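Working notes, beginning with the structure itself.
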């Protein structure tokens, strides 16, 4: 399983600023089991004290192994997430909790959301999305262009008329371009014109 990680950047944009790689960190977990994730604190400014605290929603499910660290450059802080069996099927109702990070003895404080997702529910959601995607692909595949016989006949008639009209224009142009044979070209052009009129009646 892929390791769950959160990067926390201190003083990267401005003095005492706190930024997170993920604004919401999702933790997939089965009821009755536990997992862990890591928080990497990367300090771009002066060495500082960092304090971690939890919101009420996740206090009974999350434990930060070092809630106070002194960060000179980089520090790694591990946290354990437990999901009691009593929460089976009811995790979605709990909502996400917050992990608060404060620096400089509380001078700056910010938080990111921690969303504990029950594995069975997450797997069902992913499976549902895959099924929906396959159904959409099948619907797209089944969409075929069907042309009625009447429309097909009209398209053929239009095609013949277009070719005949092109020939008519050619011979009309030839009447004025080659005056020696203008009578013959005029005769052919008039015959094509009569054909177009009769064909489209």
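We did not get these values from a lab; they are worked out from the coordinates using the rules stated. Being a predicted model, the structure only gives us computed values, none of them experimental. Here the Cβ is made from the backbone with ideal geometry for all residues, glycine too, and neighbour counts use every protein chain on show.
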Expected output for region 152-163 (first residue surrounded by 12 or more Cβ atoms within 10 Å (Cβ to Cβ), partner in a helix (DSSP H, G or I), Cβ below 7 Å, 6+ apart or cross-chain) is 160/199; 161/196; 161/199
Residue 51 is checked against (1) free of Cβ contacts under 8 Å to residues at least 40 places away in the same chain; (2) closer than 22 Å to residue 106 by Cα; (3) in contact with a strand residue (DSSP E or B) (Cβ under 9 Å, 6 or more places away or on another chain) and fails just one. What number does that condition carry? (1)
From (1) touching a helix residue (DSSP H, G or I) at 6+ places or on another chain (Cβ under 8 Å); (2) without any contact (Cβ under 8 Å) to a residue 40 or more places away in the chain, pick out the condition that doesn't hold for residue 31. (2)
